[in-house]
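The values are calculated or read from the model by the stated rules, or taken from the named source; none is laboratory data. Just so we're clear, the structure is a prediction, and the values are computed from it rather than from any experiment. For neighbour counting, all protein chains shown are included, and Cβ atoms are generated from backbone atoms with ideal geometry for every residue, glycine included.
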Amino acid sequence: MNGLPLPDPSRVPGVLGRIVQERAGDYREASPDFGPARPAACLFEAALGGPDLALIAEVKRASPSQGAIAPLDPAAAARAYQSGGAAAISVLTEPRHFDGNPQALHSVVGAVELPVLRKDFVVHPAMLSEAAEWGASATLLMVSVLKEATGAYLQAAHHLGLDALVEVHDETELDVALESGARIIGVNNRDLTTLDINLAVSPRLIRLARQRGFTGVLVAESGYRSPDQIAQIRGLADAVLVGSSLAGSGDLTRAARELLAV
Ligand SMILES: O=P(O)(O)OC[C@@H](O)[C@@H](O)c1c[nH]c2ccccc12
């Protein structure tokens, strides 16, 4: 299978739109063919599917909202998260705003047993082939970027043996994710067009997804800094994705453990 539509970055507003434009430029010359099928291991999905709230801990050195967070060594950070009880690791590979790179993903894949999510602004099929080649278990797919092409990118990710975290921020995007056949849906508390965080977004859309009959994995994303805040999604979400508060803590193992403590 080949020939995915390329999303139109001019339809994406705000900060997100700018990053998506840059990423589309980076991959303008890349081949649209993403090669032969690979077997699916579904390790990322399995790691989040247990009875307890699973932590996806993120290797995040910088962000557009905070600037520099911490000069983490990706492999050491991932090992520290693993010791602290993380179920999976997310690694930013976006270079300009998140200080990520492909090598960070490579190092993390080699350093831990846990499944690894490639966190980037996927705007081209080559980004999926790369994720598979680099050893990632999963890729992020953002409905705010891919819109009606989300389902096609999801199929492509599955074809390459990757799980996909399909990210939404409002009800309209949730409907697109549900229709796409997503098995893992992430609800981002951060509006990436303005960078504002509202921790009420995840519980609301997670409840709605369940009401609509979604039986897959649900992930609450962004803005979590304390066990109290985590308590608001216990029993609702299957997993929580945390970056900045862990990455900037100085002691990643301890911060992960403390965040998960009831
Ligand atoms: O650092 P935080 O607030 O804990 O958030 C982590 C993660 O959810 C966030 O990095 C994120 C969620 N969706 C994204 C899409 C692109 C880049 C980054 C993200």
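Figures for the structure shown
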{"quantity": "Test: residue in segment 208-220 that is surrounded by 15 or more Cβ atoms within 10 Å (Cβ to Cβ), within 11 Å of the ligand (Cβ to nearest atom) and at pLDDT 95 or above", "calculated": "yes"}
{"quantity": "Tabulated pairs, segment 155-167, first hydroxyl-bearing (Ser, Thr, Tyr), second surrounded by 19 or more Cβ atoms within 10 Å (Cβ to Cβ) and assigned to a strand (DSSP E or B), C-beta under 8 angstrom, 6+ apart or interchain", "calculated": "none"}
{"quantity": "Residue selected from segment 221-262 under the condition surrounded by fewer than 16 Cβ atoms within 10 Å (Cβ to Cβ) and modelled with pLDDT under 95, by the criterion nearest to Ala70 (Cα to Cα)", "calculated": "Ala261"}
{"quantity": "So Thr253, is it more than 16 Å from the ligand (Cβ to nearest atom), without any contact (Cβ under 8 Å) to a residue 40 or more places away in the chain and either closer than 21 Å to Ala78 by Cβ or polar (S, T, N, Q) (or both)", "calculated": "no"}
{"quantity": "Pair list, Cβ under 7 Å, 6 or more apart: segment 31-51 residue hydroxyl-bearing (Ser, Thr, Tyr), other residue at pLDDT 95 or above", "calculated": "Ser31/Ala126"}
{"quantity": "Only listed residue being small (Gly, Ala, Ser) and farther than 16 Å from Val217 by Cα, chosen from Ala182, Ala200", "calculated": "Ala200"}
{"quantity": "Residue count, segment 221-243 (criterion: within 13 Å of the ligand (Cβ to nearest atom) and either in contact with an Asp or Glu (Cβ under 8 Å, 6 or more places away or on another chain) or of a type in the set (Lys, Arg) (or both))", "calculated": "6"}
